[in-house]
Each structure stands twice: as C-alpha cells, then as structure tokens.
1. Which of the listed residues, F40, A89, L67, is farthest toward the dipole's positive end in the stretch 1-101, when Lys, Arg count +1 and Asp, Glu count -1 at the beta-carbon?
2. The stretch 94-174: percent of C-alpha pairs farther apart than 19 Å?
3. In the full protein assembly as shown, how much of I148 is accessible to a 1.4 Å probe, in Å² to the nearest 10?
4. I need the fraction of alpha carbon pairs in the stretch 1-111 separated by more than 19 Å, rounded to a whole percent.
5. List every residue whose amide H lies under 5 Å from the amide H of D155, counting only residues 5 or more places away in sequence or on a different chain, with H placed 1.01 Å from N in the peptide plane.
6. Would you list D143, D192 from the most to the least accessible area, probe 1.4 Å?
7. Under 5 Å between amide H atoms, partner at least 5 residues away or on a different chain: which partners does F194 have, H built in plane at 1.01 Å?
8. Report in % the part of the accessible area of the stretch 1-139 that belongs to carbon and sulfur, leaving out ligands and nucleic acids; probe 1.4 Å.
Amino acid sequence: MALTANQTAITKLYVGAFLRAPEREGLMFWDSQMSGGTPFSEIVNTVFSLPVVKAIYPDSMSNEQFLTTVYTNVFGKTPDAQGLAFWNAQIAAGEQRGQVVTRMIDAGLGSPDGTEGKAFIVNRVEAAKYVAELQLIRGTTVDQHKLIEIITSIDGSPESYAAGYAALDRAVATPIDAAPGLNVATATAGTDLFRFGAVEANNFDVINGLTPGDLVNVATPADTNGDYQLVSAGSAAAVDVRGEWFFDAASDNLTYFNVLTNSTSSVRLTGVNTVTVDSNAVFTVVS
C-alpha cells in the first residue's frame, strides 16, 4: 500500500518538525483529523506549538536563527544569503513559522538535482515514507526515539540512505500471534512482536531464537492497568495482580500475571539473559 497524499504531507511535516518519521499512532491520528476536515495548515500550526517541537525551535529564536536551524535540520547545510533573505521575508510578512518549514521542504524536494541539500531532504523524506508505510502494513509501531536515531543518521549520501533503510526495516516489528495449537514460536531475523491471547490455551509456552530488540506483548494495554515492571529477584510468588514480571535466567522462564485469565502464567525464552519492560505490557530482550 502506498501512502495517501495526506499521509505523505504528515510524514514530511514530521521530518521537519520532529526530525523523524511518524510513529503509526501519530500518523493515523493526524490522518483522521485531515479526513475529518481539519485543514493541513491548522495541523502544522498545532504541531509547531507542541513542547517537543518548541524544544527544537524555541520561540526565543530570532527569525534568522530559526531559519538557520531549519536549514541545518532539513537540508544539512547552512543557509545561502538569498534563500535566508527570501524565507525571512515570508515570516516578516506574517507567515507562521511552521508553514514556512513545510514550504521549504517542498521547495527543496522540487529543486533541481544537484542542488545543495536536495539529496539530504530527499533521502530523509523517502526513508520516513518507507517506515511510515511499513508500520501501517505490519500494524506495529516503532519507538519514537528509535525513529529519531535512524532518521537523523541519514544524510545526502547513498550509503547512509541504504543503512538507514535497512535499520528501519529491522525496527518495524513483525507481529506473531498466539493461536490454539501454536504454543512454540521461533523469532525471525528481524524484530518480532509476540502477542499473547486472552485464553491460556492460546498463549505461547516457548519462544525460541530471541535476540536483543525482540518484543513480547502479553496483553494489550486496554486489558491491563499499565503497571508492569520487572522484578529483579524472588519467585513466581512475586508476580501479582499488578502485572509484575519475574524472569529466571537459570531456567529462561518468564512468569507473569495474566489479567485476562486471572492466573499466573509462564513462557520459556531460550537464550535470553535479561529483559526489560515498559508500561504498555511489552518486554524487550536486552541481552
């Protein structure tokens, strides 16, 4: 599936405002806003009013400082005098800063090949579009910090684009769902999202081949109270209704309280030393 015109516009906005590709939920949210009739210009203004974006482009910046920062972030270069004067005049005439950024991106993408900074913005936008589309296809989300890390590693060189493209492909998890009779699963070479069912018989008993970066989701956030944390010592008795985890490195067993079945469950993770968990009932293999 290809991104729609609205989704492409949102993706370019993210590259300019957040310095990354959109995560799946963010893309879907703003896409729904546009589909519901919210003008793109209004979305741009809202995005540029967010604290995380203001941390990148503070209001305290002069117009010239702001534009210089945009040139660095969007084109990977310092501004030329003519371009700086042109965009400065647009802001002075009353155009919102966010609107100027989106126009600058489109101008850069439409500039002649070989123009300084074009390869930089083309590579980042194309990589961002790729991972945005891949998240929609696989139905999984890449962490925002990971998206920043990978997108900002891409510059105007073919080598950085190829490396970033490959990293983004690995970052988008492939969902693997538990099902009746499917109690043993094997991780793939990429990032996997193992999703457990609401019925104990539908849950994995063994997951083989896990490597750092793999994810396991025991229950969706809607099915839990969000209070998941790793317990570093103890026994299965430490796993209670708060959804705490107990991982025994000696046996490779992860024990958790399944809120849906109201019981303690275990899954054996082969070749794993430690895991961490987040508030969305997802744990990540870290070594």
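The values are calculated or read from the model by the stated rules, or taken from the named source; none is laboratory data. Everything numeric in this text was worked out from a predicted model, so none of it was measured. Because the Cβ atoms are built from the backbone with ideal geometry, glycine has one as well, and the counts that use them run over all protein chains shown. The accessibility values were calculated without ligands, DNA or RNA, using every heavy atom of the protein model including side chains. Shrake-Rupley method; radii C 1.70, N 1.55, O 1.52, S 1.80 Å.
1. L67
2. Details: 1419 of 3240 pairs.
For the stretch 94-174, the fraction of Cα-Cα distances above 19 Å is 44 percent.
3. That residue has around 60 Å² of solvent-accessible surface.
4. On the way: 2617 of 6105 pairs.
Counting every Cα pair in the stretch 1-111, those more than 19 Å apart make up 43 percent.
5. S160, Y161
6. D143, D192
7. Excluding prolines and chain starts, which carry no amide H, the hits are I176, L215, V216, N217.
8. On the way: 3350 of 6180 Å².
On the stretch 1-139, the fraction of accessible area on carbon and sulfur atoms equals 54 percent.
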